[in-house]
Amino acid sequence: MDEPLFPLLSLSRLRMGTDGTGVTTLIAGAGCPLHCRWCINERLLREAPVESVSAPELIRRVAVDDLYFRATGGGVTFGGGEALLHAGFIRRFRALCPSAWHVSVETSLAVAREQLILALDAADLFIVDCKAMDGEIYRAYTGGDIALMRGNLRLLLEEAGPERVIVRVPYIPGYNTAEDQTRSAEALRAMDVTRLDLFSYVIREGGA
Ligand code: SF4
């Protein structure tokens, strides 16, 4: 079998309390179907040459923190860009990495349903940035169609269960209000989301 390759943008080691559980290495991959207004990575995602790595090679690099992962219940978080564009790779990584490692995926869920299905049993935790639950705000901010994200979120909640899903709901200056954010949270609770994270984008010059 040909090894799937991952377009690696960066590895960020020894993270605590920002993504995933315990000590985490954030693995950022290239590519994203959305065009969020305040994306700090947009230029990097679309223009930078990236390194392609196989799962065994990536595991070898990440394993430098194996002891930290085991001691804290941590592991790796796939982000980006859109991590689920690389669902086949994540499956391969999960199959080869130590079972003690916790694997999380950060996603907007703006991907084909098949990609999500491929990743369902490869990740312990899905961290979803839903952007907004209002179709017009969603389109204005991301350029995408909310129906895709909603359908995938429903599937994810049914198949993985609410315990394996955290949904992040941003306040996005210039695009929504605190009331919109609250309405999004209510809509998500009505879909049986139990783990919500309401937060604010911090807008710096040139991006969020
Ligand atoms: S989903 Fe994330 S990576 Fe993609 S454009 Fe939006 S902010 Fe950028």
Practice task
Search the stretch 189-203 for residues that are loosely packed, with under 13 Cβ neighbours inside 10 Å and pair each with any residue that is of a type in the set (Lys, Arg) when their beta-carbon atoms are under 9 Å apart and the residues are at least 6 apart or on different chains.
Solution key: 199/168
Practice task
Return yes or no: is residue 74 within 13 Å of the ligand (Cβ to nearest atom) and either among the basic types (Lys, Arg) or touching a strand residue (DSSP E or B) at 6+ places or on another chain (Cβ under 7 Å) (or both)?
Solution key: no
Problem - residue 135 being under 23 Å from residue 15 (Cα atoms) and either at pLDDT below 95 or more than 16 Å from the chain's Cα centre (by Cα) (or both) - result: no
Fill in the blank from the handout: Counting only residues in the stretch 6-39 that are at pLDDT 90 or above and β-branched (Val, Ile, Thr), the one farthest from the ligand (Cβ to nearest atom) is identified as 23
Practice task
Kindly indicate whether residue 161 is farther than 19 Å from residue 20 by Cβ and among the small types (Gly, Ala, Ser).
Solution key: no
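Yes/no matrix, rows are residues, columns are (1) within 16 Å of the ligand (Cβ to nearest atom); (2) loosely packed, with under 15 Cβ neighbours inside 10 Å:
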| residue | (1), (2) |
| --- | --- |
| 101 | no, no |
| 108 | yes, no |
| 111 | yes, no |
| 114 | no, yes |
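Please return the ranges of strands (runs of 3 or more DSSP E) entirely within the stretch 16-129 where 3 or more residues are touching a helix residue (DSSP H, G or I) at 6+ places or on another chain (Cβ under 9 Å) and touching a residue at least 12 places away in the same chain (Cβ under 8 Å). Working first, answer last.
Values: elements: 23-29, 51-54, 75-79, 102-107, 125-129.
Result: 23-29, 75-79, 102-107, 125-129.
Collect the residues in the stretch 150-171 that are assigned to a helix (DSSP H, G or I), crowded, with 19+ Cβ neighbours inside 10 Å and touching a strand residue (DSSP E or B) at 6+ places or on another chain (Cβ under 8 Å), keeping them in residue-number order. I'd like the intermediate steps shown before the answer.
We begin by selecting, within the stretch 150-171, every residue assigned to a helix (DSSP H, G or I); these are 150-160, 162-164.
Narrowing the set further to residues that are crowded, with 19+ Cβ neighbours inside 10 Å leaves 152-153, 156-157.
Matches in the stretch 150-171: 153, 156, 157.
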Handout entry: Filter result (crowded, with 17+ Cβ neighbours inside 10 Å and of a type outside the set (Ser, Thr, Tyr)) within the stretch 137-147
Key = 137, 144, 146
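Please go through the stretch 130-147 and give me each residue that is part of a loop (DSSP other than H, G, I, E, B) and within 13 Å of the ligand (Cβ to nearest atom), ordered by number.
Initial filter on the stretch 130-147 (part of a loop (DSSP other than H, G, I, E, B)): 130-134, 143-145.
The answer is 130, 131, 132, 143, 144.
The values are calculated or read from the model by the stated rules, or taken from the named source; none is laboratory data. Worth saying up front: this structure is predicted, and the values here are computed from it rather than measured. Cβ atoms come from the backbone with ideal geometry, glycine included; neighbour counts cover every protein chain shown.
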